[in-house]
Amino acid sequence: MRQAVILALMCLMLPLSGCFSPSNDSTEDGTESIYPDIYDRYELQWDWDGSYAMVLEPGPHESLDVQEATITVDTTGTWVGGPNSADVHLSYWLPSNTEAGDKVPVIAVISPYFSYGQPGDESNPTNIVAAGRGEFIYDNFIPHGYALAQVAVFATEESSGCFDYRGDGEGLGIHSAVEWLGTQNWSNGNVAIYGKSYEGATAWEAAAQGSEHLKTIVPISGTTALGPLLYKNGSAEARSQIMHSNYGSSILDYDDDDLDNMCADVVEGFLAGPTRYGLGEMDPYMDNYYDERSHIDKALGKYNGSIYWVQGMQDWNVDPHQVFGGPPGTNWYQAYIDAGYEVAGMLGQWEHNYPDQWSKHNAQDSGYGGEAIHNMTRWDWGQDLFEWMEYYLKDIGPKPDLHAQIQRHDGEWRIEETWPPEDVERIQLDMSQCQSSGAFTGTGGLVLGGESTVTTTCLPMSEDNDTHISGLATFHLTVVPSFDGGQVFIEMQDSETGIRLGHATMDVRYHAGGYEAQTVIAGQTITMLMEFQGIDALLPAGHGITFILSESGEDYLPPACTPACSMHIIPSVSTVEVPVIYRDGSNVLITPQGEDAANNQ
C-alpha cells in the first residue's frame, strides 16, 4: 500500500507529463531518476509498429487547429541588391492545455523544404504537418504540452526576401522566428530547434545568433559549416559545383515574386563552387562566402543553450567531420564540452537518417553500416529526446546524463563519456613492414605501365586480441606532386574480409590540414596530414589493415588539374596512427529490438 501511495505521489509531481515507473538508479547529479534507466529500456514494451519511435507514455493533451503567422523583418543592409524588409512565414500547433492558460515551450523545424520543388511537384507547405520530422514531434510532444512550429526560411514557401543559402540574411530570419516564438503570450519563453541536414544547419544558424529563448538544439546530421561540408581538405564533392543553384531552382515559382529572391549573394553562390574548385589557393571567395556560412565557430561562446548531437557515422551527405572535425587541433564536439556546454550525443552507424528511420537503415550495404543493421534502429529515441526536452524546456525531471551513445560497426552500442574517447591509445603502424603495390595515383602510374592506385597492406595490430578502433585515425602521407594540385583518396579496409572501415581525402594544396591552401612546387617532397572520418570498428585478432590510395573516390570529383597532376606515393616512409581503446563490456548498451518491430518484419 505504501509503495502505491509513493508511486501516485511521484506521478502527481509530474504535471501533464505522463507517469513513468520509478527507478532506483541515480543520475549524474546524484538525484533519483523518475524515468527508467537507459540500461533497462530494452526490457520495456515499446510501440514499434510505426515509421518512427514513440515515447513510453502518451500525453493527456490534444492539438488545436493550426495557426499561421507572418513576421516582417528589417533587412536593411543585409543583402547587396536585396529588399530592405522581408517576411518570415510560419505555422504552429498548440496543445489543448493552452486554452486553460498554460504556457508551453516550442519545438521548431526551420527549413527551406516547405513548398519545395518545381511548380506542380512541390512538397507540403508549413501548415501541413511535415512527414517524418514534423509528425514525430506532433505525435510525441504536443500531447505532453509542447507547441510545434514549422518555419520557412527567407525566399521559400510564403516567406519573402533573398535566398542567400545559409548566409547572414537567412540567419537573421531564423533568429526573428525564434524571438517571435519565445515571446508569444502562450509561450513559456523556451524554444528548441530540431531537424536533420539543412534543418539541422538552421539550428546552428540560430545558435550563432545567440537568442536568449533558444534553450536547446538537436541537429541530426546537421551542417555546421558549408566550406568543410563541400570540400574535405580541399577535395571537392560533386555537389559542390551546383549546391546553391540546385536550391535556387527548387524555390522558384517562375513569377514576378522571384525577383525578390535574387540578390548579389545568390549570384556569388552560383560562382563560389566552380571558383574554389578551379582556383584553389587563389579563390577570392574563401574569405567571405564560405566564412559567412560557417556557424559552429560563431556559436561557440555566443549560444547559451544545450546540444543533443545526433550523427550518422556512415553519413556521406553530412559526414562525421562536421561534428568531430574543425580547424587543425579542433574537434567541435569536444570543444563545446570543454567550453562548458551541456552536450550529449547519439552516434549510430546509419547514413543520412534519423535514429529511428528504420526503413532507410535496412537499406545499407556491407562496409557502409550493413553489419550493424540488426541493432541500428533506436526505438527508444522518442523517449530519449522527451527526457531531454522535459529538462531543458520545462525544467522537469533530472538533468539528463551528458554522455555519448556510440554504435560500433558490428552493431554493438555502448555509452562513453565523450567521443572520441579521451583514453584512446594512438598506435603507430610500422609502415616499413607493410607491403605495397603501385607507386603513383592518377595517370602517372598508367603512363609508366603500372596502375593508377597504390595498395598498402599492413600486418595485424594483434594476433591474439581484437583491436577496437575508436576515433580519428591519421595517415601522414609522403608524396611527390607533379603539379600545383592533385589529390589522394584513401580507403581503409579489413585486409582479411575486405570490409571498408573508413576513408580520408585531401587536395595536396591543403597538405597542412585545415582550410588554408598553399601553393606546392612540382617535384618537392610533401607530407600530407590526412585524417580519416570518425571510425568505431572492431578489427578481429589476426586481421591486418589495407589502405587503397587513389586520385579520387566515392562522390568526390577528380582534381581540376587532371590528368596533369598525378602524384608519387611513398607509403614506406609515411606515418599512420590508429586510435585504439580497451573496454571490458561494462558500458555496453542493449537497445530495444524485437522480432515484431517494424524493421524486422
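The values are calculated or read from the model by the stated rules, or taken from the named source; none is laboratory data. Predicted, not measured: the structure shown is a model, and the values here were computed from it. Here Cβ is always computed from backbone atoms with ideal geometry, including for glycine, and neighbour counts include all displayed protein chains.
Of all residues in region 90-101, one or more are in a loop (DSSP other than H, G, I, E, B), more than 23 Å from the chain's Cα centre (by Cα) and over 16 Å from GLU390 (Cα atoms). Within region 465-476, identify whether any single residue is surrounded by 22 or more Cβ atoms within 10 Å (Cβ to Cβ), farther than 22 Å from GLY370 by Cα and modelled with pLDDT of 95 or more, and answer yes or no. Looking through region 465-476, at least one residue is surrounded by 22 or more Cβ atoms within 10 Å (Cβ to Cβ), farther than 22 Å from GLY370 by Cα and modelled with pLDDT of 95 or more.
Here SER21 passes the criteria (1) more than 30 Å from VAL266 (Cα to Cα); (2) modelled with pLDDT under 95; (3) buried (at least 17 other Cβ atoms within 10 Å of the Cβ); (4) not β-branched (Val, Ile, Thr) except the one numbered (3).
Taking the criterion of being within 16 Å of the chain's Cα centre (by Cα), hydrophobic (A, V, I, L, M, F, W, C), surrounded by 24 or more Cβ atoms within 10 Å (Cβ to Cβ) and under 29 Å from ALA512 (Cβ atoms), the residues of region 208-242 that qualify are ALA225, LEU226. Residues being among the aliphatic types (A, V, I, L, M) and either part of a helix (DSSP H, G or I) or at pLDDT below 95 (or both) are represented in region 287-302 by at least one member. Considering each residue of region 517-537 in turn, at least one proves to be aliphatic (A, V, I, L, M), within 27 Å of the chain's Cα centre (by Cα) and more than 15 Å from ASN233 (Cβ to Cβ). Condition test on TYR341, is it in contact (Cβ under 8 Å) with a residue 60 or more places away in the chain, aromatic (Phe, Trp, Tyr) and either more than 19 Å from GLN209 (Cβ to Cβ) or in a loop (DSSP other than H, G, I, E, B) (or both)? Criteria not met by TYR341. For GLU179, the conditions (1) among the charged types (D, E, K, R); (2) under 18 Å from PRO112 (Cα atoms); (3) modelled with pLDDT of 95 or more all hold with the exception of (2). Criterion applied to THR562, THR591 was being of a type in the set (Val, Ile, Thr), in a loop (DSSP other than H, G, I, E, B), in contact with a Lys or Arg (Cβ under 8 Å, 6 or more places away or on another chain) and touching a residue at least 60 places away in the same chain (Cβ under 8 Å), and the one residue passing it is THR591. Can you tell me which residue is farthest from GLN150 (Cα to Cα) among those in region 98-121 that are of a type outside the set (Gly, Ala, Ser) and touching an Asp or Glu at 6+ places or on another chain (Cβ under 9 Å)? This residue is PRO119.
The listed residues are ASP410, ASP430, and the only one of them that is outside the structural domain of GLY544 (by TED's automatic domain parsing) and either surrounded by fewer than 22 Cβ atoms within 10 Å (Cβ to Cβ) or among the aromatic types (Phe, Trp, Tyr) (or both) turns out to be ASP410. When ASP356 is tested against (1) buried (at least 23 other Cβ atoms within 10 Å of the Cβ); (2) outside the structural domain of VAL104 (by TED's automatic domain parsing); (3) within 19 Å of the chain's Cα centre (by Cα); (4) among the acidic types (Asp, Glu), only condition (2) is not met.
Residues in region 185-215 that are within 18 Å of ASN140 (Cβ to Cβ) and among the hydroxyl-bearing types (Ser, Thr, Tyr): TYR194 only. Taking the numbered list (1) in a strand (DSSP E or B); (2) buried (at least 22 other Cβ atoms within 10 Å of the Cβ) in turn, TRP79 passes all entries but (1).
Remark: SER470 falls outside the filter, which requires a residue to be under 30 Å from THR519 (Cβ atoms), in the same structural domain as GLU531 (by TED's automatic domain parsing) and among the polar types (S, T, N, Q). Exactly one residue out of LEU549, LEU529, LEU589 is surrounded by fewer than 22 Cβ atoms within 10 Å (Cβ to Cβ), closer than 26 Å to GLY326 by Cβ and not assigned by TED's automatic domain parsing to the domain that holds TYR289: that is LEU529. The numbered conditions (1) under 27 Å from PRO105 (Cβ atoms); (2) part of a loop (DSSP other than H, G, I, E, B) are all true for GLY329 except (1).
Return a yes/no flag: does region 81-100 have any residue that is in contact with a His (Cβ under 8 Å, 6 or more places away or on another chain) and acidic (Asp, Glu). No, region 81-100 contains no residue that is in contact with a His (Cβ under 8 Å, 6 or more places away or on another chain) and acidic (Asp, Glu).
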